[in-house]
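Below is one structure; the comments refer to it alone.
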């Protein structure tokens, strides 16, 4: 039975194949002269067209007056997908059930209804659907809003390289030499690409090391009987293992990480429960660990397991993180982070069963330790590592190795021209623990002197240092809603500036450039 359609948001329709792509649709509008060319009262530019940027664009258009326009800058040839949802592997599933994956917090069943129209009424709320399907959903949600707001949206298929002042507005410099003028800018950069792990002995010319497992041709050179090494044991390594198997790879898959911990799996259950006593939390990392263990024991008495505890904590995770002193956040990162992540970021049940079967049959072998040597040979790679449990040196010989360490979080290590420009000009700075960027409560960039911008904001993983949990759809859609409301109010205020308001760029006596600093 289909859920009822809400009145608050127009339902995202199934589009004909010829117009399902937003790129195709915008080309058609340009060809027929339906795109308006006029000056808007406020233009918001979003840099990054993955889930965060695309959904923010849809949210802004949904609440926009005729005086607001949105420009989305994305260098990839598609919107709404980013890295996670651009996968072509049908076996890559969402790790959250369909009922919790709506892009819009005010319409919780939006994705579920769309999936039922797309696939059929058999889709259940607890289903873990393909990630590629979700990317199609996000793009279609934006396209629906674009069709309702003709002329107020523009997609620039380019890479942003720098941001400069243009009076009370900003100019975003693109790789092709052009510039986009905007009144507000939002960085929706998604997860940063992985950095290379320390591999003593590896040459920069090594042909048997894959630095980015998400590169389009990353698995093309595999032969069915090879053995491979996945460096890192998180969600990325599981994705690579699953993709390799779907392509007919039958060899042994070695997975090596410091702790040798794989993500846990979801359990299908119709039960809906939560734990009580969440009004206050211990102020230390060790105290939190003891608290979670006690709550787990209580849950087991009620017939549940640790999943109930972790899921009940989710609405409070950001509050807990922000309440911890700096030293306790450090302790958490140093001692508890890998254990939290494998319990918090879980696998779809089908994938969990597949991985468990592969481990049981010896097709996947898990190792824990630190790599001490990496040497490329004529017929493979020889890796030496110090085993975490025994302390002894062990060796592996594989055909090739993949960097599956996951997204980088230290913005200083990211080779993004825009980030490098903002950091070099001190218009942005890393968070104190080097988890993304330093931001205000509203998501505004904070410069090296502690001043929050009135003009440049960020959403998603770049806010990890301030919020910790900021990579999954439920957390990001809440950010998007709050930021959209903030931007609406900010644009209204910008059109009617009050005396003494700080806008545009200034240069201090020390010669430090500041873009729109104020009280964001």
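The values are calculated or read from the model by the stated rules, or taken from the named source; none is laboratory data. Small disclaimer: the values here were computed from a predicted structure and weren't measured. Every residue, glycine among them, receives a Cβ derived from its backbone with ideal geometry; neighbour counts consider all protein chains shown.
Do we find a residue being in a strand (DSSP E or B), crowded, with 17+ Cβ neighbours inside 10 Å, on the phi < 0 side of the Ramachandran plot and modelled with pLDDT of 95 or more anywhere in the range 385-394? Yes; the residues of the range 385-394 include at least one that is in a strand (DSSP E or B), crowded, with 17+ Cβ neighbours inside 10 Å, on the phi < 0 side of the Ramachandran plot and modelled with pLDDT of 95 or more.
Screening 255, 231 for residues that are over 24 Å from residue 96 (Cβ atoms), touching a strand residue (DSSP E or B) at 6+ places or on another chain (Cβ under 9 Å) and buried (at least 20 other Cβ atoms within 10 Å of the Cβ) leaves exactly one candidate, 231.
A residue that is surrounded by fewer than 18 Cβ atoms within 10 Å (Cβ to Cβ) and assigned to a helix (DSSP H, G or I) occurs somewhere in the range 270-288. Within the range 190-204, the set of residues being surrounded by fewer than 18 Cβ atoms within 10 Å (Cβ to Cβ) and touching a helix residue (DSSP H, G or I) at 6+ places or on another chain (Cβ under 8 Å) comprises just one member, 195. Within the range 375-384, the only residue that satisfies the criterion of being assigned to a loop (DSSP other than H, G, I, E, B) and more than 19 Å from residue 252 (Cα to Cα) is 378. Taken over the range 239-254, the criterion of being in contact (Cβ under 8 Å) with a residue 60 or more places away in the chain and more than 16 Å from residue 361 (Cα to Cα) is satisfied by 239, 240, 243, 246. The residues of the range 166-189 that are buried (at least 18 other Cβ atoms within 10 Å of the Cβ) and at pLDDT below 95 amount to a single one, 169. Here residue 177 fulfils each of the conditions (1) in contact (Cβ under 8 Å) with a residue 12 or more places away in the chain; (2) assigned by TED's automatic domain parsing to the domain that holds residue 86 apart from (1). Just wondering, is there one or more residues in the range 87-100 that are within 30 Å of residue 218 (Cα to Cα) and not in a loop (DSSP other than H, G, I, E, B)? The answer is yes; a qualifying residue exists. Annotation note: of 68, 79, the sole residue that is within 16 Å of the chain's Cα centre (by Cα), farther than 20 Å from residue 213 by Cβ and crowded, with 20+ Cβ neighbours inside 10 Å is 79.
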